[in-house]
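Read-outs throughout are calculated quantities, based only on the coordinates presented, and are distinct from any laboratory measurement. On a predicted model such as this, the values are computed, not experimentally measured, just so you know. Counting neighbours? That spans all protein chains shown, and the Cβs are built from the backbone with ideal geometry, glycine included.
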Ligand code: DQA
């Protein structure tokens, strides 16, 4: 089995650290990537870490992951609440998928309470800040060892 895990990030997450810091904190996407790479080293994973503002690009990465990876951590950002196309792409994957949100979406506007991705995800983490990504990778480590 491959030790490759995809970590995908949706729109506006390139602005982490600058974007609404009261909601999303001060850590940048580069900080999130560094934390994921440190966790991956510890867990013996290789990671493909990506961010895009374009839905098609995220779908193309999901298609690449389904051929090569053993798991996925995805923060689809606003596409969480809107994208049947990302949901359909995730349905083609046979590995565990963890949905991560930096903020607690359930404490926020009603339109953030529904997630298409949650209907396919193995697990969901929300409101743990950037640490949520590391927790998801740790859970993948446990599942893949079983
Ligand atoms: C988010 C929550 C989404 O509702 C929002 O559109 C985002 C980020 C989060 O990480 O908390 O862009 O996914």
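Between a residue in region 11-34 that is touching a residue at least 60 places away in the same chain (Cβ under 8 Å) and on the phi > 0 side of the Ramachandran plot and any residue that is buried (at least 16 other Cβ atoms within 10 Å of the Cβ) and in a helix (DSSP H, G or I), which pairs come within a Cβ distance under 8 Å, given they are 6 or more apart or on different chains?
These pairs meet every condition: 12/77.
Return yes when residue 42 is surrounded by fewer than 16 Cβ atoms within 10 Å (Cβ to Cβ), over 17 Å from the mean Cα position of the chain (by Cα) and within 14 Å of the ligand (Cβ to nearest atom) and no when it is not.
Numbers: surrounded by fewer than 16 Cβ atoms within 10 Å (Cβ to Cβ): yes; over 17 Å from the mean Cα position of the chain (by Cα): yes; within 14 Å of the ligand (Cβ to nearest atom): no.
Against the criterion (surrounded by fewer than 16 Cβ atoms within 10 Å (Cβ to Cβ), over 17 Å from the mean Cα position of the chain (by Cα) and within 14 Å of the ligand (Cβ to nearest atom)), residue 42 does not qualify.
Quick check on my filter: what residues within region 132-146 are surrounded by fewer than 18 Cβ atoms within 10 Å (Cβ to Cβ) and under 12 Å from the mean Cα position of the chain (by Cα)?
135
Taking region 107-120 as the region of interest, how many residues are within 16 Å of residue 10 (Cα to Cα) and more than 9 Å from the ligand (Cβ to nearest atom)?
As a first pass, look at region 107-120 and keep what is within 16 Å of residue 10 (Cα to Cα): 112, 115-118.
In the following step, the residues that additionally are more than 9 Å from the ligand (Cβ to nearest atom) were identified as 116-118.
Looking only at that region, the number is 3.
Scan region 2-18 residue by residue and report those that are under 14 Å from residue 50 (Cα atoms) and more than 11 Å from the ligand (Cβ to nearest atom).
Those that are under 14 Å from residue 50 (Cα atoms) and more than 11 Å from the ligand (Cβ to nearest atom): 4, 5, 6, 7, 8.
Restricting the search to region 1-39, which residues are part of a loop (DSSP other than H, G, I, E, B) and under 13 Å from the mean Cα position of the chain (by Cα)? Write out each step before concluding.
Going through region 1-39, the residues part of a loop (DSSP other than H, G, I, E, B) turn out to be 1-3, 10-12, 16-20, 25-28.
Result: 10, 11.
What number of residues within region 94-106 satisfy the criterion of being within 9 Å of the ligand (Cβ to nearest atom) and over 12 Å from the mean Cα position of the chain (by Cα)?
Qualifying residue count, region 94-106: 3.
So that you can scan it fast, the table gives a plain yes or no per residue for (1) buried (at least 19 other Cβ atoms within 10 Å of the Cβ); (2) more than 12 Å from the chain's Cα centre (by Cα):
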| position | (1), (2) |
| --- | --- |
| 48 | no, no |
| 53 | no, yes |
| 66 | no, yes |
| 75 | yes, no |
| 92 | no, yes |
| 108 | no, yes |
| 114 | no, yes |
| 123 | no, no |
